Amino acid sequence: MGLRFRKSFKLAPAVRLNVGSGGMSWSLGPRRASVSIGKRGTYFNAGIPGTGLSSRTRLDRPAAKSDRTSAPQTVTVPLSLEVGEDGVVRYFDQSGLPVSHELVAQARRQHGDAIRQLLEQRCAIINDDIAALGQLHWHTPAPRSPTAFAPTPFDAGPPRLPIKVTLGFAERLLPGRRQAADIENERRESEYQAALVQYAQEKAAHDDRNVQARMAYSAAIAGNPEPMQQLLEHRLGEIVWPKETLVNLAVSDDGTALALDVDLPEIEHMPTMRATLGARSWDLSIREAGATITRRLYQQHVHSLGFRMLGEAFAALPTIRTIVLSGFSQRVDSATGRTNEDYLYSVCVERSQWTALDFSMLEQIDPAETFATFDLRRNMTSTGIFKAVAPLQLDEQVT
């Protein structure tokens, strides 16, 4: 068949996972938490992110009545909360200087529920983002018939009609005012006509791009290799990936077979920390998950990622009957010290096998076990340790 990789592209990651060997941090800006100190008293102002709720709590005793003739002056000090690598919550003012222990203690006493709720939310975000690494396959589409082409809407509206300068009766009697008004109205009309021409040109160009995209989509659905590659690249590029991922792909000349080589993340990039918040604690407890748990997370992630890519390819390209997906990672050889690109697994899947899966039960599917039901090359222990394997060759699978 003479099949070789003819297309390479990178999938950009989304900024969502902020936990790693370099630690983690977060802050609540002035709009979410601040302390106001002035003659009227000391107040803690807090907002709960995502709820639209906020509150204002008095921290000190009511201030003595002041002279009504003197205007009160209030100084607002923004308070930032930062969770360090050790899980300790530190409080800073707008200049980045630590807040006094007395002020922190007052904030905890008077507004402890709001602060703890913020910490609980942060704790959940940390752990949920980690769990999501092994759940990429949960949103895998079923290999149904391709949907109709959906043109991209043209969001820009036509320019508004110009508002003419109008003069009152007395102003119309003044030749200079009439002339100035006429000149201004001509200028506005000229700008409107120019904007109208530009709008028409941009809309025509947009419509032309939609026509070209529709033709390319139809060609991809029909089994034309080049448009197929472009369509799959676009589809994979719309997905949120945890890390920049390099993908090499090749489509057979008859449009029935696809090879995917995926640069998997290194295990060193897996988050190793987990967060908890004790019932009486004002700090998060950040602890190492351990090597075994990290390896299991890694094996869940690399298989979940591969499962999702297989599903997207089968769903986007209806003429594809066979896919060979191979995942590799850069690893250091302990004997030589050199970095090798080791293949961790290589799997060949037929469409008939893929359509037999129950896509209504994706949360119950273990991608690592599912791969074992296909033609698979993988040398992995029960705790997620991979040994390098030789990848399958698509030419051998379809000849």
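General remarks:
- Dipole magnitude for the range 157-273: about 1180 debye, using +1 per Lys or Arg Cβ and -1 per Asp or Glu Cβ, origin at the Cα centre.
- Reported to the nearest whole Å, the Cα centre-to-centre distance from the range 159-178 to the range 278-350 is 70.
- Using only alpha carbons, the range 262-399 has a radius of gyration to Kirkwood radius ratio (Rg to Rh) of 1.06.
- Nitroxide proxy distance, nm - points 7 Å out along Cα→Cβ at H269 and L376: 2.3 nm
- Potential lengthening between Y192 and R108 on full extension [0.36 nm per residue; Cα-Cα distance subtracted]: 24.4 nm
- Here the range 331-391 is assigned +1 on the Cβ of each Lys and Arg and -1 on the Cβ of each Asp and Glu. Its dipole about the Cα centre then comes out at about 300 debye.
- Ranking L174, A200, P162 by how far each Cα lies toward the positive end of the dipole of the range 113-200 (charges on Cβ) leaves L174 at the top.
- Integer Hz, Karplus 6.51/-1.76/1.60 couplings in order for the range 316-333, x for Gly and Pro: 7, 10, x, 7, 6, 10, 9, 10, 10, 10, 10, x, 10, 8, 7, 9, 8, 6
- Ordering H301, H234 by accessible surface, largest first, gives H234, H301; the 1.4 Å probe counts only protein heavy atoms, with every chain in place.
- The stretch between S360 and V165 holds 63.9 nm of extra length on full extension. This uses 0.36 nm per residue minus the Cα-Cα distance.
- Heavy atoms of the protein chains alone define the surface here; on that basis the range 229-381 has 43 Å² accessible area per residue at 1.4 Å probe size.
- Rounded FRET efficiency, nearest 0.05, which uses the C-beta distance separating A388 from D207 and R0 of 56 Å: 0.65
- Rounded to 0.05, the FRET efficiency of the Q117 and I293 pair, given R0 = 25 Å and the Cβ-Cβ distance, is 0.35.
- Loop-located trypsin sites (Lys or Arg not before Pro) in the range 313-363, at most 11 other Cβ atoms within 10 Å (DSSP): R338
- The packing ranking, built from the mean of other Cβ atoms within 10 Å per residue, places the peptides 250-256, 275-281, 370-376, 324-330 in the order 324-330, 250-256, 370-376, 275-281, highest first.
The values are calculated or read from the model by the stated rules, or taken from the named source; none is laboratory data. Quick caveat: nothing in here was measured; it's all calculated off a predicted structure. Please note: Cβ atoms are built from the backbone with ideal geometry, for glycine as well, and neighbour counts cover all protein chains shown. Each accessible area value is taken on the protein alone, full model and side chains, heavy atoms only, with ligands, DNA and RNA left out. Shrake-Rupley method; radii C 1.70, N 1.55, O 1.52, S 1.80 Å.
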